[in-house]
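> Pasting a structure below so you can have a look.
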Amino acid sequence: MPTTAVLTDRERTAVQAYLRLLHTVRAAFDGPPDGGRPGLVPPAVLAEAEQALARAGLAGNEEQFFRLLRDWCPPA
C-alpha cells in the first residue's frame, strides 16, 4: 500500500505551484498541431513556482523536491 507524504504548508504550496506550472506548459505545447507558434508560459506562473520553492527551502534542491512530489502524488 503506498504511503502519502505529510507536507508542510510551504511544501504543499510549492508542489501545487509546480503542478500548475506543469499543466500550463502542457497546455502551451498541446496547442494547434500546425506548429505556427511556440508554446508560451506566462512569466507569472513560472515566478509563482520559483517563489514557492524558495519559501519552502527547496530552491536548488530538486532531488528533495521531486521526492516530495512523488510521495504526495504517486503515479496512478
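> Read phi for every residue in region 13-23 and hand back ³J(HN,Hα) as whole Hz from Karplus 6.51 cos²θ - 1.76 cosθ + 1.60, θ = phi - 60°, with x for Gly and Pro.
Values per residue, Gly and Pro as x: 4, 5, 5, 5, 5, 5, 5, 4, 4, 4, 5 Hz.
> Just grab the label-to-label distance for ALA47 and PHE29, each label 7 Å out from Cα along the Cβ direction, in nm (one decimal).
Distance between label points: 2.4 nm.
> If packing is taken as the mean number of other Cβ atoms within 10 Å per residue, what is the order of 15-21, 42-48, highest first?
In descending order of packing, they fall as 15-21, 42-48.
> According to a simple spin-label model (label point 7 Å from Cα along Cα-to-Cβ), what is the distance in nm between ASP71 and VAL6?
Result: 1.1 nm between the two label points.
Readers should treat all values here as calculations from the given coordinates under stated rules, not as data from a laboratory. Everything quoted here is computed from the prediction, not taken from an experiment. Counting neighbours? That spans all protein chains shown, and the Cβs are built from the backbone with ideal geometry, glycine included.
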